[in-house]
Every structure is written in C-alpha cells, then in structure tokens.
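None of the figures in this text is laboratory data; all of them are computed from the coordinates on show. Just so you know, these numbers come straight off a predicted model, no measurement behind them. Cβ coordinates were reconstructed from backbone atoms using ideal geometry, including for glycine residues, and neighbour counts include every protein chain displayed.
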Amino acid sequence: MPRPEKVRLGDLLIQEGLLTDEQLKFALDEQKRSGRKLGRIFVDSGFVTEDGISNILARQLQIPFVDLRQLQYKEELIRLLPETMARRYRALVLGEKDGVLQVGLVDPTDLRVYDEISRAVRRNIDIAVVSESQLMPTIDRVYRHTEEIAGLAKELTSEMSDIPVEFGELLGLSATAEDAPVVKLLHMVFEEALRSRASDIHIEPQENNLRIRFRIDGLLHVQTEADAKIASAVALRLKLMSGLDISEKRLPQDGRFHIKVRNAAVDIRISTLPTQYGESVVMRLLAQNQTLLSLDHMHMPPRVLERLRHALHRPSGMVLVTGPTGSGKTTTLYAALNELNSPEKKIITVEDPVEYRLPGLNQVQVHEKIDLSFGKVLRTVLRQDPDIVLVGEMRDTETAEIGMRAAMTGHLVLSTLHTNDAMTTPIRLLDMGVPRYMVALSVHLVLAQRLVRTVCENCKTPASLQPHEREWLRYELHERVDAHPYYQGKGCSHCNNTGFQGRTGVYEFLEMSDELVEATNQSDPAAFMAAARRQMAGATLRRDAVRLVLAGRTTVDEAMRVSNQNEE
C-alpha cells in the first residue's frame, strides 16, 4: 500500500456534518494549551464518538477498520514493533499477508508515525484503523513480559556466578536496591501476574531449572523457566519481604506482605515448602481495592439464593459452604457478611488468614505458633457478645463442636468445610466425632459450590458435541440434547488464547428439613443419603453446570470437569 496522504481530521468531520466550526476552534485552542491529540479532545468533549471517527477515517482513506476484540494475534508478529513504540504511536501489528504487515493505527493520518513504524519493522506495511479504547487494553494483554522476565533471570544468574555478591545486596538492601536484578525480576513477575489476572504465583525449583507458573482462572500456566542457581536468591528476597526466618530452610513457613504494582495495592500471602531441590514458594495475590461481590451478583440460581438468604436472616443456626480449595467459599461467605453487616449487629470472624477486610467487622487472625487456635479464639469470641460468627474452616472436632454450640445458643454461625457435595457434609461432621444431636439441631443449610471457567465473549463460537459429551448431557437433558446450541471460545488476545475469560459459580444446597433432622439422629447413613437425594432431585451441582452450558456461558467439557459427582 502506498504512503497515505495527509488528511485534516477536523475538516473531514466538518465535511461529514459531525463537527461545527466552533467546536473545531475550541478543540484546536485546547490542543495548543494541553498538547493532547486532537481526536482525543473531540471524543472527551463529547463532540463525536470514537467509533464515529474510526469509521469516517476508514471510509475516507479506503482502509479497513479492525475490531480488536476479534483479533487473532501472533506473538512473533506483535513483537516486531517494540512495546514502547506501540504505546507512543498508538499502533499494533495485526497480521501479515504476502510479506506485508498490517498495522493498526488510532490516527492513520499521522504520516510521521507511518514513516517511523516502517523504519522500525523494516517491512512494507498496510495500515488499518483501530479504536483507542480497544487498543490500549489490547497492548496490555498481548505484550507479555515473558522474554523480559527470562532476561532478568539470566542477568541475575550471571551476577551470582561471575562475582561475589554481598548478602545485603543479594536481598536488595543496598542503596541501589531498585537496580538489583532479583528485585527487578520479582517486580516484573508481580506486574505480569496482575496483567494476566493470576490468582497465584508458583516458584518451583526443579533439578535443572527454576519454574515460574501463574494460576489463571483456576489452571496453572508456565510463565518462564530460569537457571536453578537463582532459586535461593529469589526465595531469600521473598522471605525477607514477608518477615520470615531467612536462616530456616528446613521447615515450611507462612507469611504475608504488601506491594504496589501498576498503581494497585496488593496483599500477598506467601507459603514456603522445603523440597528436594530447594524451597518452593507459592503466593496468593489479593487486590486490596477489590470490591466484595454482593449475593445478587454471584449468579446463583433463584431458588438457591432464596433459601440461602432465608437461612442467613435467621437469628441462630449454622450455614456451611463446602467445596475444594479455591472454589470461592470465602468469597461467598463475605458476600453474605456484606449483606448482614449493620450497626445493629456485632460480627466477629476467626480466620487463618484474614483474606478480606470489611469495615464494621471484628476480624481475628489465628496464630497456631503462639497457641492461638480456632478453638481457643472461639471460646473467647463467644464471651464478646456476638450476633454473627464466621469461622474460617471447621478443621477439627473441637472447632466444630464449639461452633455448633454457639449456633444452638442464639448465634448465627457461618463456616466452611472441605467436602465433595452438600449431601455428604452432615455425614462428614459425624465422622469427625461431632454428636448427632448437634448436627441435627445446629446445621440449617449446606451450600456446595465450584468455580467453572466462562467462555470468552470476544471469541465465542458454536461448538459440536463429542460423543462422550452427548452421553453426559443425556443424563440431564434426555432426548433434548440436540435441541440446544453449544459454544466454545476459539482463543483471542482477550483470553490469552485459552477460549475462557473469568469464572462463575456452580451451586447446590441441602436444607435440613424435618425428615433430614430425623435421619441424622438415626445411625443409618444410607437412610440419610436417600432422604437427601429426594430433597435435592434436579438441583445438583451437575444440573447447575448444565444450566450454564445451555446459557452459553461455559463449555460441556468444563461443566464435566467441575461437576464430578457419582450420581445414580
């Protein structure tokens, strides 16, 4: 494509009837005063929309307008244009055809930008129009810092192997701490983790390398692999930041620290574990400015939400949320506390650790090292005249019994338990040694949940069923399996080419009816399970997962993965 001709954006918008002479004069004066781009002034002033400008430029210059939400990018092409230039010139390499690069520009009328990009990529280019509101988030996603992280890791490896390093400098304590490779490496890792929406960072020493992985939407992804030599330096720095004993490498340790990355305050929980090749470090990232969900925004089926609210607004009793680690149990409980929180009620939480901070609550951190256990804290909590008590987890018989006595004596108690489903939870409590009468009288509702990945809306496409998926669906849908459309994500820049973006809950509940209370007091678990199945018929985790499949929010394979129940 030949070099484009100069087009005056203001004149073009006036010609199209989208701008007046007075508005153009105002924008030109504002541009002289502030130095901002003219198109941005038009949009910010409300004179014209961003899409309006893009479509007119595309039509006038006879070039395509590209919707970046549908972009299928190739990383090797993206990186032909350095990230600094992409941000400065508001440009992105979109693709390649017959040796010619297609480059998207917010302002294709800027001939200087065209020339600079041509020189930078050393290729012939065709230009297209992209909108700025789509471009900047896309740049954030597609310019992943894998290479920079690997480069910093190599720099640290070289520094450690070539010259002796003072212990304080290794930990980033010197006057030039900002320049220490280990500090820069960790800063880049944290920045990339937040950019990728990671919930956890895993730093794992292997025999021949150090592997860094991110957990995104519940699944682990390898971020980079570095020389094994730097494992000890990285672990030492992280232990120092979290106040752990840097001389102790034989025992596991837990701690936390706070950082600020990309203008976001992040609370980080850290756990170290001695392994064969060094200390494995896992960090949970908790954004401090993360707003708590309300129960109305958790996408629960209406019947589940209705019965949960009914149990939460009773003056006493126990509500249990169950599921595996990482299934969103704490988020659900805090959404409930957020709804119950008021000046008229005293709410005390006992947790290990405290994950969310909610104004108005009295939150207690369990500390086993000084014998501040769940049981000991709970005994004191009940002398503090609470209305509502949150127990982070029913870990042992003592904790469960104290919590249930509280539920039987006028307190609303919320807690979690690790079980596979709702109906086996009362049986699990009995197996822990809790007396039958306590389980029967104190437990009012058990909510079981999982988190299922949701299909990326930007690359959502119809999907065909595999034979095993059709058979799985037939259990719930019978002969109506082929009467519904099914979807999957084909992968795009918005979802890191996974086809999924974000997660949502899958729920089931068991309410302790008179029949179940009577069955609990009997010594026949089979009778209890039979009664529970009758109550939950058609309202299981599996059925709720199928509901999300039919709504096009997740895939059949993902629904099968999270609802692994053995139903008869």
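Selection among 492, 464, 475 by position relative to the dipole of the range 447-496 gives 492 as farthest towards the positive end (Cβ unit charges, Cα centre).
Of the residues 56, 117, 556, the one whose Cα sits farthest towards the positive end of the charge dipole of the chain is 56 (charges of +1 on Lys and Arg Cβ, -1 on Asp and Glu Cβ, taken about the Cα centre). Length gained on full extension, residue 339 to residue 480: 46.9 nm, using 0.36 nm per residue less the C-alpha separation.
Tell me the angle of helix 397-408 to the major Cα principal axis of the chain, expressed in degrees between 0 and 90 and rounded to the nearest ten. Once rounded, the angle reads 80 degrees. Put simply, the amide H of residue 350, placed in the peptide plane, has neighbours under 5 Å in 364, 390, 391, 392, leaving out anything fewer than 5 places away on its chain.
Derived scalar couplings between HN and Hα for the range 539-546 equal 9, 9, 4, 4, 5, 5, 5, 5 Hz in order, rounded to whole Hz, by the Karplus curve 6.51 cos²θ - 1.76 cosθ + 1.60 (θ = phi - 60°), x for Gly and Pro.
Given R₀ = 45 Å, what would the calculated FRET efficiency be for residue 119 paired with residue 229, taking r from the Cβ atoms and rounding to 0.05? Kindly include the intermediate steps, with their values, before the conclusion.
Details: r = 40 Å, r/R0 = 0.88.
E(calc), rounded to 0.05, equals 0.70.
Which value, in debye to the nearest 20, describes the size of the charge dipole of the range 249-323 about its Cα centre when Lys and Arg Cβ atoms bear +1, Asp and Glu Cβ atoms bear -1, and nothing else is charged?
Numbers: 11 positive and 5 negative charges, 12 e Å.
Around 60 debye, computed over the range 249-323.
Helix-only arithmetic for the chain: the sum of -39500 (n - 2.57) across DSSP H runs with n ≥ 4, divided by the residue total, places the mean residue ellipticity at 222 nm at -11500 deg cm²/dmol. Remark: for residue pairs 260/490; 184/376; 32/260; 346/376; 229/260, the C-alpha separation exceeds 31 Å in 260/490; 184/376; 32/260. Neighbours of residue 211 by Cβ distance under 12 Å: Lys/Arg scored +1, Asp/Glu scored -1, total -3.
Among the GluC sites (Glu not before Pro) within the range 193-279, those in coil by DSSP and having at most 16 neighbouring Cβ atoms inside 10 Å are 207, 248. Of the residues 102, 505, 517, the one whose Cα sits farthest towards the positive end of the charge dipole of the chain is 102 (charges of +1 on Lys and Arg Cβ, -1 on Asp and Glu Cβ, taken about the Cα centre).
Extension gain, residue 437-residue 530: 0.36 nm per intervening residue step, less the Cα-Cα distance, totals 31.5 nm.
On a 0 to 90° scale, report how tilted helix 21-34 is relative to the longest principal axis of the chain, with both axes built from alpha carbons and the result rounded to the nearest 10. Around 80 degrees separate the two axes.
In the chain, the longest principal axis of the Cα atoms and the axis of helix 302-312 are about 50 degrees apart. For the range 460-476, the Karplus equation 6.51 cos²θ - 1.76 cosθ + 1.60, evaluated at θ = phi - 60°, returns couplings of 5, 9, x, 10, 9, 7, 7, x, 5, 5, 4, 5, 5, 5, 4, 4, 9 Hz by residue, with Gly and Pro reported as x.
Please report, in debye to the nearest 20, how large the charge dipole of the chain is about its Cα centre when each Lys and Arg carries +1 at its beta carbon and each Asp and Glu carries -1 there. Don't skip to the end; give the middle numbers.
Numbers: 71 positive and 79 negative charges, 108 e Å.
Taking the Cα centre of the chain as origin, the dipole is about 520 debye.
Ignoring lysines fewer than eight residues from residue 97 along the same chain, the ones with Cα atoms less than 17 angstrom from its Cα are 74.
Could you tally the net charge around residue 340, taking each other residue with its Cβ under 13 Å from the Cβ of residue 340, Lys/Arg +1 and Asp/Glu -1? All intermediate terms of the calculation are to be shown ahead of the outcome.
Details: positive: 309, 314, 345, 346; negative: 339, 344, 387.
Charge balance near residue 340 sits at +1.
The lysines within cross-link reach of residue 25, meaning a Cα-to-Cα straight distance under 26 Å and a gap of 8 or more places when in the same chain, are 6, 37.
What residues have an amide H closer than 5 Å to that of residue 73, excluding those fewer than 5 places away on the same chain, when H is modeled at 1.01 Å from N in the peptide plane? Distant-sequence amide H within range of residue 73: 493.
Annotation: peptides 85-93, 531-539, ranked by per-residue average of other Cβ atoms within 10 Å with the highest first, follow the order 85-93, 531-539. Per-residue 3J(HN,Hα) values for the range 442-451, derived from phi via the Karplus relation 6.51 cos²θ - 1.76 cosθ + 1.60 with θ = phi - 60°, read 9, 6, 9, 8, 10, 10, 9, 8, 9, 10 Hz in sequence order (x marks Gly and Pro). Each label point is 7 Å from the Cα along the Cα-to-Cβ direction; what then is the distance between the points at residue 15 and residue 297, in nm? Reported label-point gap for residue 15 and residue 297 is 4.6 nm. Taking Cα centre as origin and charging only the Cβ of basic (Lys, Arg, +1) and acidic (Asp, Glu, -1) residues, the dipole magnitude of the range 21-132 rounds to 340 debye.
Taking 7 Å steps out from each Cα toward its Cβ at residue 309 and residue 367 produces label points 4.0 nm apart. Ignoring aspartates and glutamates fewer than eight residues from residue 345 along the same chain, the ones with Cα atoms less than 16 angstrom from its Cα are 385, 387.
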